[in-house]
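The values are calculated or read from the model by the stated rules, or taken from the named source; none is laboratory data. What you see is a predicted model; the values in this text were computed from it and never measured. FYI the Cβ positions are ideal-geometry reconstructions off the backbone, even for glycines, and counts take in every protein chain you see. Heavy atoms of the whole protein, side chains included, go into the accessibility calculation; ligands, DNA and RNA do not. Shrake-Rupley method; radii C 1.70, N 1.55, O 1.52, S 1.80 Å.
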Amino acid sequence: MKMTFTRALAIGAGLTALAGVQQQALAHPSLSIPSLLEGTSIYTAVTVTHGCTAFTPAKPVTGTVQLFPTGADASKKGPGRITKPDGTKEVIQGGVAAVRKTTDSGSYEVGTPTTLAEEIVSANAGNTGVTTLGDKFRAVSSRAVFNKLGVVKSLDGATRVGAWGYQGKLDPDMYGQTSFRANAGGIWLRRDKCARSLKVRVPAIDVCKADRKNTGNPAGYVNLWINSQTPKFNFPDAHGIKPEDNFWMTLSINRDTTNNPFPESCANDTSQQYDVVVTPTFEEIDGLLKIPGYAFDQ
């Protein structure tokens, strides 16, 4: 099935120019609607806010790709950080952590490793653990910005986890959006746990020049919204790659405290409440953030 890209400042609206104001040079990608309640669904969109600003004038974006991590593999590392019981820090295993603090030096989370199944169930007050976020986020079809379109599949090829597009040109004075339906109908935080939300970190790449191998220095022609260098994306000067810039897009699926209240142990004690943070693994970033036939696919 084809997936594609809309251009809108609100879901379903047209791509809107900024009337010559260059404020997008100071912006970074975001989700048009960044949160929803567990057990519900919404339409949201990844917003491309500017082109490649290493040039004057900025180069237009000609291709883009976004990825929603699955949180499925607890044995893999992701670009986050946890605090171990002895106080030392290490990379999050599996990209899933229970986090009580929001940040610790840039985008690094302070928390403890966990799994989706330990924190999330498929029905309110149920006991069947959710093991993957695959197929929970599905792109909306439109060729408003890019003509060549496709689906990002999970590493095992079993589920939809994102979308890509190219063969177009997004004017640097306009915003562009990739719309998605976020389906949290089968996502409920466990009733006996103190998680207040599930936060999903969404990496993306915006390309301003086609280069399948990207063997040269891509810093000026690519915005890498991945918050960390990886074995494949080893470009320290690329825009959006530095952890201290904290350019993560985050979708927050919040506890419905009316229908799924906190347990008594933490209902009135916010210090015991935490967020379940799902970060893409390095293997997901390096293996899936590519535009076939156009950029980063070799």
Checklist entry - In square angstrom, rounded to the nearest 10, how much accessible surface does PHE282 have for a 1.4 Å probe? => result 50
Next on the checklist: Beyond a 30 Å Cα-Cα separation, which of these cross-linked pairs lie in this structure: LYS77/LYS136; LYS76/LYS148; LYS59/LYS199?
Outcome noted: LYS76/LYS148; LYS59/LYS199
Next on the checklist: Treating only the Cα positions of region 154-198 as identical point scatterers, give the base-10 log of I(q)/I(0) from the Debye formula at each q in 0.24, 0.33 Å⁻¹.
Outcome noted: -1.01, -1.22
Next on the checklist: Under 5 Å between amide hydrogens, which residues at least 5 positions from PHE235 or on another chain qualify, with H placed 1.01 Å from N in the peptide plane?
Outcome noted: THR230
Item to check | Antiparallel content of DSSP bridges confined to region 139-298, in %, to 5 | outcome: 75
Checklist outcome for this item: Once all protein chains are kept in place, TYR43 shows an accessible area at probe 1.4 Å, nearest 10 Å², of 110
Checklist entry - How big is the Cα convex hull of region 219-298 in projection, averaged over all directions, in nm²? => result 7.9
Checklist entry - Dipole magnitude of region 108-264 about its Cα centre, charges +1 at Lys/Arg Cβ and -1 at Asp/Glu Cβ only, in debye to the nearest 20? => result 540
Next on the checklist: If you average 1/r across every pair of different Cα atoms in region 105-186 and take the reciprocal, what Kirkwood value do you get, in Å?
Outcome noted: 15.8
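When the accessible area of region 191-298 is split by element with a 1.4 Å probe, what percent falls to carbon and sulfur?
Values: 1940 of 4410 Å².
Carbon-and-sulfur percentage of accessible area, whole number: 44.
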Item to check | Amide hydrogen neighbours beyond the local backbone of SER142, cut-off 5 Å, H modeled | outcome: THR4, PHE5
Item to check | Derived scalar couplings ³J(HN,Hα) [region 35-46; Karplus, 6.51 cos²θ - 1.76 cosθ + 1.60; whole Hz; x for Gly, Pro] | outcome: 8, 7, 7, 4, x, 10, 9, 9, 9, 9, 8, 7
Checklist outcome for this item: With the dipole of region 197-298 defined by +1 on each Lys or Arg Cβ and -1 on each Asp or Glu Cβ, the option from PHE296, THR250, HIS239 whose Cα lies farthest towards the positive pole is PHE296
Item to check | Estimated translational D of region 149-298 in µm²/s (Stokes, Kirkwood radius over Cα pairs; 37 °C; 0.692 mPa s) | outcome: 186
